[in-house]
Amino acid sequence: MAQVSEEREDRVDATGAHPAARPGTPEPAGAGAPATPEFPGTAAAGPAPAGPETSGTGEASRLSAAGTAAASSATGAAAESPATSAKGVAAEAGTEPAPEAKKASKAGRNLPAAIGVALLLGAAVIVSLLTVRFLFIGVIAIAIAVGTFEFAGVLRRVADTRVAMIPVLVGGQAMIWLAWPFGREGALTAFVLTVLACLLWRLPGGATGYLRDVGASVFAAAYLPLFGAFAAMLVPPSDGVGRVLTFLIGVVASDTGGYIAGVLGGKHPMAPTISPKKTWEGFAGSVIGGVVAGALTLSLLLDGHVWQGVIFGVAIVLTATLGDLVESLIKRDLGVKDMGTLLPGHGGIMDRLDSLLPSAVVSWLLLSAFVPVG
């Protein structure tokens, strides 16, 4: 018992309380006395009657003194740092103060970032066209190369499909740059050679997945650089700046009109299984925006007729919508939201080329018919 009592006394001493007396000795003055209101947690002044310790009484007093000192220490710490005390209480309860929840964007994307990126891209196009218009072909070539990397990367990660990168990249650049001096003959010749290169490139990989990989490579070569070559073919004529602007403004007006009308009054889904957010009201807005833009740009920039601009605008709306739906279907098939992350608020380059690529083909065909090159 003496050993146990000594160990308990040592623990009480460690708390800062007065050491208790040994068994058989009287308690020190003030031990176990009630606290005063002025100084909570401290012993009241005045002598306490000392007497022989009865069985268990001395031990209880010592433990009471230790508890009083510990309570005093805790009270003082809480008074000095309320924030620390609150954290300690939360830690004891096993919880942490919940941070404020961030409000989700109603647009689903970072709209300010999307607008800023769109303005930068538009500025790059305008500068290239108004300085040396053939620089726009370089802009197309860079966009097509980056889009090819994005598309091939998604296919490799998600579908275990290998695009023949070197043939598609090299052949794609050849399609775009040969379209400058040789027109569609140069682009189509480069495309055919690219397909042959893809067939040969995949041979060493064996039969497993051969058709899958070659099919993806040919699709990538047609969908990206071959379609992009038609945009490059708008540049060389003397009125090439007007042709490119007519094409781009038509697509932008179609997308913008569809977005505004869809946000304000979109209620009837156009293709719910492919793109749930696309509505017939949005499509009507696209038609209005595309027709107005086509009539103005074709008559003012290319000296065409208003009725030609109306037809051009409707055609651009159809191809832009088709390109958007095709891109959505591809991403839904692959199970991805965006093709890349290069452009904040937009996704990847591929996500911005969706409506432009098929529209470039139709723009070149219609503008060549409506405003023949002299």
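Only one of the numbered conditions (1) part of a helix (DSSP H, G or I); (2) open to solvent by 10 Å² or more (accessible area, probe 1.4 Å); (3) out of contact with any strand residue (DSSP E or B) (no Cβ under 7 Å at 6 or more places or on another chain); (4) farther than 22 Å from R243 by Cα is violated by V117, and that is (3). When A231 is tested against (1) over 28 Å from V195 (Cβ atoms); (2) open to solvent by less than 20 Å² (accessible area, probe 1.4 Å), only condition (1) is not met.
Being open to solvent by less than 20 Å² (accessible area, probe 1.4 Å) and part of a strand (DSSP E or B) is the filter here; which residues of segment 276-288 pass it? Write out each step before concluding.
Within segment 276-288, the subset open to solvent by less than 20 Å² (accessible area, probe 1.4 Å) is 279, 282, 285-286.
Selection gives T279 alone.
With the structure loaded, tell me whether L224 is surrounded by fewer than 17 Cβ atoms within 10 Å (Cβ to Cβ) and either part of a helix (DSSP H, G or I) or not β-branched (V, I, T) (or both) or whether it fails that test.
The answer is no for L224.
In segment 258-274, which residues are open to solvent by less than 40 Å² (accessible area, probe 1.4 Å) and either at pLDDT below 90 or over 24 Å from the mean Cα position of the chain (by Cα) (or both)? Full working, then the answer.
Just the residues of segment 258-274 that are open to solvent by less than 40 Å² (accessible area, probe 1.4 Å), to begin with: 258, 261-262, 265-266, 271.
Hits for segment 258-274 are A261, G265, G266, A271.
Close Cβ contacts (under 7 Å, 6 or more residues apart or on different chains) running from residues in segment 174-198 that are within 21 Å of R133 (Cβ to Cβ) to residues that are open to solvent by 70 Å² or more (accessible area, probe 1.4 Å) and modelled with pLDDT under 95 are absent. Identify, please: which residue in segment 205-219 is without any contact (Cβ under 8 Å) to a residue 12 or more places away in the chain and aliphatic (A, V, I, L, M) and is, among those, surrounded by the fewest Cβ atoms within 10 Å (Cβ to Cβ)? Ranking the qualifying residues of segment 205-219, first place goes to A207.
Suppose the filter is closer than 22 Å to G262 by Cβ, of a type in the set (D, E, K, R) and free of Cβ contacts under 8 Å to residues at least 60 places away in the same chain; does D351 pass it? Before you say what the answer is, go through the steps one by one.
Numbers: closer than 22 Å to G262 by Cβ: yes; of a type in the set (D, E, K, R): yes; free of Cβ contacts under 8 Å to residues at least 60 places away in the same chain: yes.
So D351 passes the test.
If you check L169, L178, L155, L129 for being farther than 21 Å from A360 by Cα, open to solvent by less than 70 Å² (accessible area, probe 1.4 Å) and either modelled with pLDDT under 95 or assigned to a helix (DSSP H, G or I) (or both), only one passes: L155.
The values are calculated or read from the model by the stated rules, or taken from the named source; none is laboratory data. Computed from a prediction, not measured in an experiment: that's the story for all the values here. Positions of Cβ are generated from backbone atoms using ideal geometry, with glycine treated the same way; all protein chains shown enter the neighbour counts. Accessible surface areas use protein heavy atoms only, side chains included; no ligands, DNA or RNA. Shrake-Rupley method; radii C 1.70, N 1.55, O 1.52, S 1.80 Å.
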